[in-house]
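The values are calculated or read from the model by the stated rules, or taken from the named source; none is laboratory data. From a predicted model like this one, the values you see are computed outputs, not experimental measurements. All Cβ positions, even for glycine, are placed from backbone atoms using ideal geometry, and neighbour counts span all protein chains on display.
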Amino acid sequence: MKSTNHDIYKRQQINEAASPKIVRKRLWWLAAAVGVLAVSLAVTVILAVTPGNGGTVGGATVPVDVTGGDQLDPHVSGDIAAYTDAANPDQSLIRYYDFLTPGSPNAFIPTTADFIDTLSDANGTHVAFARYDQSLGTRSCMIYDVVAHTTTEIGSGTQAFATALGGDTVAFVNGTGASDIMVGRISNPGALLTNLSSSPAATDTSPAVSPAGNLVVWTSCVLADCNVMKATLTSGTWSLPAVVRTSAANPDTDGTNIVYDSAGDVFFQPAGGGAAIQLALSGVERNPSSSGGVIAFEGAVDAISAHDLFVYQISSNLLFRVTDTPSVDESLNDVTVLPNGDVRVVWAANDDVSVADARNIYAQTFTLPPVTPLPDPDPYHFTGFFQPVDNLPTLNVATAGSAIPVKFSLGGDQGLAIFAAGYPASSPIACDASEPGVVIEETVNPGGSSLSYNATTDQYSYVWGTDRAWRGTCRMLVVRFNDDSQHLAKFRFR
């Protein structure tokens, strides 16, 4: 039996709540900082940068869809933008806009009275979306080819919500409650799906796929505790999920960097691992999207004020304003860098007065000024510490007077002149008798402190000679490099 208007609209709201771009989770966490360096719960190395003011971008604002009713959740890839048209609460559908040959009204993906289509994404000539069949009570992940005008189901027997595309890869949220991230292939739509997250206790949402289709990122939450996760595709096999950053959400990736927000700030870090870069801006920034080294996001003076749109160019460390509308809230942005280097941003704005809380879809295409690349803010690309030393917040328990191999990687052979003057060093800290610790079992022959590099393992080993007089005390080891970055490890000596 067909649902009533109220039931369909309620289901539409549920659908929207499952989308990373329709309703963003507002999560706040405390962060500790030391100068420009902070240590998160995952001991992610964080460097803060203050962007320069690039001014306002050029280009004219294009009204993609300003018809009556609610249009929302826009995504863009090259010359195609896709979004949900929910003007009719009985039957939302997916429309797409061609920047090269715009028409009115915009074309929509073929549908029937039984289908409710939401939660789209675009990549190249393909649009992914979630289709709810009211007559069967089922949800499916679908792919539409805007050139061939064909619609294909990805996998079967799913409960698909938010979708994401990149290359030949389709990712989507499967199920409600403790949901998972599933991936399939456009070229083999009937193949067995891969469950990337397999986390029965977690709610996995907000998938994003790199343009090449070999990297998927998402948000994984247990109650209000959310982490950004990733999985990579190598030789046809997806890796196990790995934590990118704890206490973070809303990720996206252009294949080179992973962007996300945490505690009202936007961060980016290399997709292959390395230091996270925090955009040190006043106010609240959220919901980043990335393409070709450009990050688009929403920013406001506080959490409740109307948000405007900004873009940040990584190579120049410059911030540009896209919109300046104090009474209109711009949200749900997406960005694409075109082959000629121009940047295109799409967004939804709550300036439709025809219906309460209705939105319109806009776009703007502009050219950013040429830049000279800045020096790498983290040239050493530190990873570690490796065993036998555990990273913060773990307390290492060692024998006073022993020699401890402190192992780490700097992303290649950087020579042996890597430490700042006077470092590594240690200083006494208070001991907590109730704090558990992990005993260091690997030591080396006592002697003077030394540094070596192993090209086979791409690891440095610094032999830290401890003092017998430290017995019964706790100390913090500080490893500071000559690029002014530093890394900490905590010890109790017995």
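Do you know which residues across region 335-362 are more than 24 Å from VAL301 (Cα to Cα), outside any loop (DSSP other than H, G, I, E, B) and not aliphatic (A, V, I, L, M)?
Hits for region 335-362 are THR336, ARG344.
Looking at TRP470, TRP464, can you tell me which residue is closer than 13 Å to LYS407 by Cβ and surrounded by 14 or more Cβ atoms within 10 Å (Cβ to Cβ)? Break it down into steps so the answer makes sense when it comes.
On the way: TRP470 fails: closer than 13 Å to LYS407 by Cβ.
Result of the check over TRP470, TRP464: TRP464.
So, LEU332, is that one part of a strand (DSSP E or B), closer than 30 Å to ALA275 by Cβ, at pLDDT 95 or above and in the same structural domain as ASP252 (by TED's automatic domain parsing) or not?
Values: part of a strand (DSSP E or B): yes; closer than 30 Å to ALA275 by Cβ: yes; at pLDDT 95 or above: no; in the same structural domain as ASP252 (by TED's automatic domain parsing): yes.
No: the conditions fail for LEU332.
Out of contact with any helix residue (DSSP H, G or I) (no Cβ under 7 Å at 6 or more places or on another chain), closer than 21 Å to ASP334 by Cα and part of a loop (DSSP other than H, G, I, E, B): is that true of LEU100 in this structure?
Working: out of contact with any helix residue (DSSP H, G or I) (no Cβ under 7 Å at 6 or more places or on another chain): yes; closer than 21 Å to ASP334 by Cα: yes; part of a loop (DSSP other than H, G, I, E, B): yes.
Yes.
Checking the conditions here, which among VAL228, VAL243 is in contact with a Pro (Cβ under 8 Å, 6 or more places away or on another chain), part of a strand (DSSP E or B) and in the same structural domain as ALA271 (by TED's automatic domain parsing)? Explain how you work it out, then say what you get.
Values: VAL243 fails: in contact with a Pro (Cβ under 8 Å, 6 or more places away or on another chain).
Of VAL228, VAL243, the one residue that is in contact with a Pro (Cβ under 8 Å, 6 or more places away or on another chain), part of a strand (DSSP E or B) and in the same structural domain as ALA271 (by TED's automatic domain parsing) is VAL228.
Exposed (fewer than 14 other Cβ atoms within 10 Å of the Cβ), at pLDDT below 90 and not assigned by TED's automatic domain parsing to the domain that holds PRO63 - does that describe any residue in region 387-398?
Step one: filter region 387-398 for residues exposed (fewer than 14 other Cβ atoms within 10 Å of the Cβ), giving 387, 393.
From the residues that got through so far, the ones that are at pLDDT below 90 too are 393.
With not assigned by TED's automatic domain parsing to the domain that holds PRO63 added as a condition, the list becomes 393.
So far as region 387-398 goes, yes, one or more of its residues are exposed (fewer than 14 other Cβ atoms within 10 Å of the Cβ), at pLDDT below 90 and not assigned by TED's automatic domain parsing to the domain that holds PRO63.
Looking at the structure I just gave you, is ILE94 part of a strand (DSSP E or B), modelled with pLDDT of 95 or more and either on the phi > 0 side of the Ramachandran plot or assigned by TED's automatic domain parsing to the domain that holds ALA275 (or both)? It would help to see each step written out before you state the result.
Working: part of a strand (DSSP E or B): yes; modelled with pLDDT of 95 or more: yes; either on the phi > 0 side of the Ramachandran plot or assigned by TED's automatic domain parsing to the domain that holds ALA275 (or both): yes.
It is true that ILE94 is part of a strand (DSSP E or B), modelled with pLDDT of 95 or more and either on the phi > 0 side of the Ramachandran plot or assigned by TED's automatic domain parsing to the domain that holds ALA275 (or both).
Checking the structure you have, find out if any residue of region 12-31 is of a type in the set (Asp, Glu), at pLDDT 50 or above and outside any loop (DSSP other than H, G, I, E, B).
Scanning region 12-31, I find no residue that is of a type in the set (Asp, Glu), at pLDDT 50 or above and outside any loop (DSSP other than H, G, I, E, B), so the answer is no.
Any residue at all in region 200-217 that is free of Cβ contacts under 8 Å to residues at least 24 places away in the same chain and on the phi > 0 side of the Ramachandran plot? Give the steps one after another, and end with the answer.
Within region 200-217, the first condition is being free of Cβ contacts under 8 Å to residues at least 24 places away in the same chain, and the residues that meet it are 200-201.
Still in the list and also on the phi > 0 side of the Ramachandran plot: none.
Among the residues of region 200-217, not one is free of Cβ contacts under 8 Å to residues at least 24 places away in the same chain and on the phi > 0 side of the Ramachandran plot, which makes the answer no.
In region 131-148, which residues are touching a strand residue (DSSP E or B) at 6+ places or on another chain (Cβ under 7 Å) and assigned to a strand (DSSP E or B)? Outline the logic, then answer.
Filtering region 131-148 down to residues touching a strand residue (DSSP E or B) at 6+ places or on another chain (Cβ under 7 Å) leaves 131-134, 139-146.
Once the filter is applied, which keeps residues that are touching a strand residue (DSSP E or B) at 6+ places or on another chain (Cβ under 7 Å) and assigned to a strand (DSSP E or B), region 131-148 yields ARG131, TYR132, ASP133, ARG139, SER140, CYS141, MET142, ILE143, TYR144, ASP145.
Would it be correct to say that TYR96 is among the hydroxyl-bearing types (Ser, Thr, Tyr) and within 28 Å of PRO339 (Cα to Cα)? Break it down stepwise before answering.
Values: among the hydroxyl-bearing types (Ser, Thr, Tyr): yes; within 28 Å of PRO339 (Cα to Cα): yes.
When the stated conditions are applied, TYR96 passes them.
With hydrophobic (A, V, I, L, M, F, W, C), touching a His at 6+ places or on another chain (Cβ under 9 Å) and at pLDDT below 95 as the only criterion, which of LEU41, LEU37 stands out?
Details: LEU41 fails: touching a His at 6+ places or on another chain (Cβ under 9 Å).
On inspection, the qualifying residue turns out to be LEU37.
For GLY422, are the conditions met, namely being of a type outside the set (A, V, I, L, M), surrounded by fewer than 16 Cβ atoms within 10 Å (Cβ to Cβ) and not in a strand (DSSP E or B)? First the steps, then the outcome.
Numbers: of a type outside the set (A, V, I, L, M): yes; surrounded by fewer than 16 Cβ atoms within 10 Å (Cβ to Cβ): yes; not in a strand (DSSP E or B): yes.
Considered against the rule, which asks whether it is of a type outside the set (A, V, I, L, M), surrounded by fewer than 16 Cβ atoms within 10 Å (Cβ to Cβ) and not in a strand (DSSP E or B), GLY422 comes out as yes.
Taking LYS407 and the conditions (1) basic (Lys, Arg); (2) more than 25 Å from ASP483 (Cα to Cα); (3) surrounded by 14 or more Cβ atoms within 10 Å (Cβ to Cβ), which numbered condition does it fall short on, given that it satisfies the others?
(2)
Provide a single number: the residues in region 191-201 that are outside any strand (DSSP E or B) and either at pLDDT 95 or above or more than 17 Å from CYS226 (Cβ to Cβ) (or both).
Let us first name the residues in region 191-201 that are outside any strand (DSSP E or B), namely 191-193, 196-201.
Checking which are either at pLDDT 95 or above or more than 17 Å from CYS226 (Cβ to Cβ) (or both) leaves us with 191-193, 196, 198.
The total comes to 5.
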